[in-house]
Amino acid sequence: TQIKQDLPQALKWYDKAAEQNHAQAQYQLATLYAKGNGVDQDANRAVQLYQAAANQGLAVAQHALALRYLRGEGVEKEDTKATEWLLKSAKGGYAPAQYLLALRYKLGQGVEKDTEQEAYWYQKAANQGNTEARYHLALLLLTGDGTDKDSEKALSMLLNLSVQEHALAQYQLYKIYNQGEIVNRDETLARVYLHRSSEGGYSIAQFQLGHLYQQKQLWQDAVKWLTLSAQKNYAPAKSLLAEVKLAADKIAEERANSDNTEVLESNDTDLETLQIQSESVPSLLGVNLNKPVLNLISNEDQIARSLADNTKVMSNVEKLVISAKQGNPIAQHNLSTLFSIGALVPKDNRKAFMLMQEAAKQGLTQSQNSLAMMYINGVGVEPDYQSAYFWASTSTRQGDHEGKQILSYLISIAQ
């Protein structure tokens, strides 16, 4: 039989248990007073009860009491006491306290700045699955501040967080793949992660994406992302947004006065026209994707020649579609990227996946790595770690370092 919730009755029993010095009851009752749930809100009474429970060593109550001292709720604001109670709670194994204590060591609030202590407490909280602690620990592992530098472990942690749609981790992955210092530079993955971080609401990523669209003179997309960033009060976005709107208005005015109908020759491509021209893509995607993987592995010279031959083609979506349809792996990879990020063609993750799969089957390691990441993150396909493992292994067998990184990540999460 389901027990009906009865808050007044619960308060009665919490009160009795609290009077008998039951720490958990004191904590629960304190929380009700702090929130005004079933009782009149009373910050002073909440602090008294949190204090009583904290004195008995209840870590969650110690953390709650520390927050009261940090905010000055029911007590005088006092950083030193807040840190003392945080330390007790952290030592008692309470992950939120461990994470908050690490932040205080980072900022030097209530304690001296200490990157080693910062890393230590991030690690403690991360071991208990605290998401934010794992993110901040990954950043320290990237730089070697306060801990031994371990880029591979940091990358693995960030990839894991990305699967959980952690927007800041996705932005770090964008930077990593864009810079190409600890992995091979991959503009495809970089742009994918920048988009995902932006879609996750991270204002700096939205600004960066808007800036990229501005550079390509794709004004509508630039305005969209800069507006979202500016709405979060990110000052650089506000400034650039005003500049982009002026430029877009000027271009629109010039177009209105022009008889030029050459759509594909301009960077300011009419998106509606390109959408019509890209309708030939579905016929390309109707081929049997379950056929055996081709044994034809293009060598680096062949890929370089293919890329050189198609440098001009990449600026023209219509020709790019034709080239991809003819089986050019470089064209397939680049067209997949356009569909993935919604640049020049409507965003379509399924088309992006199918094109990347075709390129990967022709032995392009960059495409194999991108396909593995699509399987990991569920981009255009259901998440499938076995398929991701297959493609990362295929890339690794060709000596690709990035494939090895992805493979290491997959192995780490399987353990």
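The values are calculated or read from the model by the stated rules, or taken from the named source; none is laboratory data. Values in this document were obtained by computation on a predicted structure and should not be read as measured data. All Cβ positions, glycine included, derive from the backbone under ideal geometry; neighbour counts span all protein chains shown.
Some notes on this structure:
- With respect to (1) closer than 16 Å to Tyr193 by Cβ; (2) surrounded by fewer than 21 Cβ atoms within 10 Å (Cβ to Cβ), the lone exception for Met374 is condition (2).
- Residue list for the stretch 60-114, filter: in contact with a helix residue (DSSP H, G or I) (Cβ under 7 Å, 6 or more places away or on another chain), part of a helix (DSSP H, G or I) and of a type in the set (S, T, N, Q): Gln62, Thr83, Ser89, Gln98
- Complete set of residues in the stretch 338-369 that are buried (at least 22 other Cβ atoms within 10 Å of the Cβ) and of a type in the set (S, T, N, Q): Ser340, Gln357, Thr365, Gln366, Ser367, Gln368, Asn369
- Matching residues, the stretch 143-158, being in a loop (DSSP other than H, G, I, E, B) and farther than 14 Å from Ser412 by Cβ: Gly144, Asp145, Gly146, Thr147, Asp148, Lys149
- Pairing each residue of the stretch 241-254 that is farther than 18 Å from Leu209 by Cα with any residue that is assigned to a helix (DSSP H, G or I) and of a type outside the set (Gly, Ala, Ser), provided the two are 6+ apart or on different chains, yields C-beta distances under 7 Å for Ile251/Trp219.
- Looking at the stretch 186-248, none of the helices (runs of 4 or more DSSP H) lying wholly inside it contains 3 or more residues that are more than 23 Å from Met374 (Cα to Cα) and assigned by TED's automatic domain parsing to the domain that holds Ala372.
- Complete set of residues in the stretch 53-88 that are crowded, with 21+ Cβ neighbours inside 10 Å and closer than 18 Å to Glu19 by Cβ: Ala53, Ala54, Leu58, Ala61
- Residue count for the stretch 204-236, restricted to those that are polar (S, T, N, Q) and surrounded by fewer than 19 Cβ atoms within 10 Å (Cβ to Cβ): 6
- Test: Gln117 is of a type in the set (S, T, N, Q), crowded, with 20+ Cβ neighbours inside 10 Å and under 18 Å from Trp85 (Cβ atoms): no
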